Amino acid sequence: MTVVVLGGAGYIGSHAVDQLIERGYEVAVVDNLQTGHQEAIPAQARFYQGDIRDKVFLSSVFEKETVEGVLHFAANSLVGESMQEPLQYFNNNVYGTQVTLEVMQQFGVKPIVFSSSAATYGEPKAIPIKETAETNPESPYGESKLMMEKMLKWCSKAYDMQFVALRYFNVAGAKWDGSIGEDHSPETHLVPIILETALGQREQVAIFGEDYDTPDGTCIRDYIHVVDLIEAHILALEYLKAGNPSSIFNLGSSVGFSVKEILQTARQVTGKEIPAKIEARRMGDPSTLIASSEKAKTVLGWNPKQTDVRDIIASAWRWHELHPEGYQSKK
Ligand code: UFG
């Protein structure tokens, strides 16, 4: 039996593939390599290059594999880009999920674990954010993730399939040996931007706004280590395979760090100066996002291990030092 990982060549998907293989699962990766990296896929996984919106292609993968479940990471994920290109987000994310569900239904595959996002909540009314909080996305990206969740919900009611949607907070870090990690082009996320600056690849870090209603004026986020995040996916897959009902879980560490605190921690971890300057706010950034992850701990038995933000940054730093040019560094 095979676990199909859609988007398995991307940053988070590749860590899922790695962990699944380490635990003895058979894995098939589906990725169009639009943002993913073939170098991130281990030899033990079978790789099918193609687009999940191509139903003939996706059906052919399910034809070849005996699929026990799907992990779905294949989506565009930049909030800012989605504001400029909303249709790209609805097409790739929402339509891609529709085709995935059609193929799963056709082949009688029941469980799907879906990468959702804290962006489904929008500006929170209460902190920490619980799964019961109102969803009011403030970007087409967040809206697309909410639409995907709703498709899963209605399909799970109508057909013999079940889902877990995992709403990620700020994912960072890399596998401890530094063999796989974050390699986006363009990079927009805070931790890799800080570390690229530490490597001297950027002149300075732009801090987007110092006038938020937080103790130091910069935005507060909840950072979660990518390997802990993947642990929750595997627990969710087993939860569904055991016949449990569809559900939605937040994944965060329940502790918030400001942009300045992350910068300061990165300076300590790397021993580099890392110049920074204050710039204008970035459109659409909520001031504080902190998860309540109690539900994932109680229901899934999730027990995140890398909860110290220094360790999260240290693991990302190892990847960046070993791969200063990302996956291209190997060539
Ligand atoms: N930031 C800077 N300078 C930068 C980059 C980021 O100051 O160069 C700040 C942002 O303004 C924000 C914080 O650092 O306050 C974190 O920004 P990221 O871009 O790293 O992450 P976001 O919080 O914007 O978004 C992430 C994911 C989204 C997801 C969201 C949910 O990238 O996909 O978390 O919380 F929807």
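The values are calculated or read from the model by the stated rules, or taken from the named source; none is laboratory data. This structure is a prediction, so every number in the text was calculated from the model and none was measured. So basically every Cβ, Gly included, is an ideal-geometry build from the backbone, and we count neighbours across all protein chains shown.
A quick yes/no check of all residues on (1) surrounded by 22 or more Cβ atoms within 10 Å (Cβ to Cβ); (2) touching a His at 6+ places or on another chain (Cβ under 9 Å):
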site	(1), (2)
Q204	no, no
D213	no, no
D216	no, no
V226	yes, yes
I230	yes, yes
H233	yes, no
A236	yes, no
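Look at G252 and say whether it is within 11 Å of the ligand (Cβ to nearest atom), within 26 Å of V3 (Cβ to Cβ) and touching a residue at least 60 places away in the same chain (Cβ under 8 Å). Considered against the rule, which asks whether it is within 11 Å of the ligand (Cβ to nearest atom), within 26 Å of V3 (Cβ to Cβ) and touching a residue at least 60 places away in the same chain (Cβ under 8 Å), G252 comes out as yes.
Does T66 satisfy the condition of being more than 19 Å from P137 (Cα to Cα), hydroxyl-bearing (S, T, Y) and out of contact with any Asp or Glu (no Cβ under 9 Å at 6 or more places or on another chain)? Spelling it out, it is not the case that T66 is more than 19 Å from P137 (Cα to Cα), hydroxyl-bearing (S, T, Y) and out of contact with any Asp or Glu (no Cβ under 9 Å at 6 or more places or on another chain). With respect to L229, is the statement that it is more than 26 Å from S139 (Cα to Cα) and touching a residue at least 60 places away in the same chain (Cβ under 8 Å) true? Spelling it out, it is not the case that L229 is more than 26 Å from S139 (Cα to Cα) and touching a residue at least 60 places away in the same chain (Cβ under 8 Å). Note on the stretch 71-130: residues that are over 13 Å from R53 (Cα atoms), among the aliphatic types (A, V, I, L, M) and within 14 Å of the ligand (Cβ to nearest atom) total 7. The number of residues in the stretch 278-301 being crowded, with 19+ Cβ neighbours inside 10 Å and more than 17 Å from Y121 (Cα to Cα) comes to 2.
Filtering the stretch 150-174 to residues that are surrounded by 20 or more Cβ atoms within 10 Å (Cβ to Cβ) and not small (G, A, S) leaves L152, C155, M161, Q162, F163, V164, L166, R167, Y168, F169, N170, V171.
Entry remark, the stretch 273-306: residues being touching a His at 6+ places or on another chain (Cβ under 9 Å) and within 27 Å of P137 (Cα to Cα) number 1 in total.
Residues that are at positive phi and either within 16 Å of the ligand (Cβ to nearest atom) or without any contact (Cβ under 8 Å) to a residue 24 or more places away in the chain (or both) within the stretch 269-319 comprise G271, I274, G284, listed in sequence order. The requirement of being under 24 Å from H225 (Cα atoms), modelled with pLDDT of 95 or more and surrounded by 15 or more Cβ atoms within 10 Å (Cβ to Cβ) is fulfilled somewhere in the stretch 97-112, by at least one residue.
Please verify whether the stretch 307-324 includes one or more residues that are closer than 19 Å to G178 by Cα, more than 20 Å from the chain's Cα centre (by Cα), part of a loop (DSSP other than H, G, I, E, B) and modelled with pLDDT of 95 or more. Yes, the conditions are met somewhere in the stretch 307-324.
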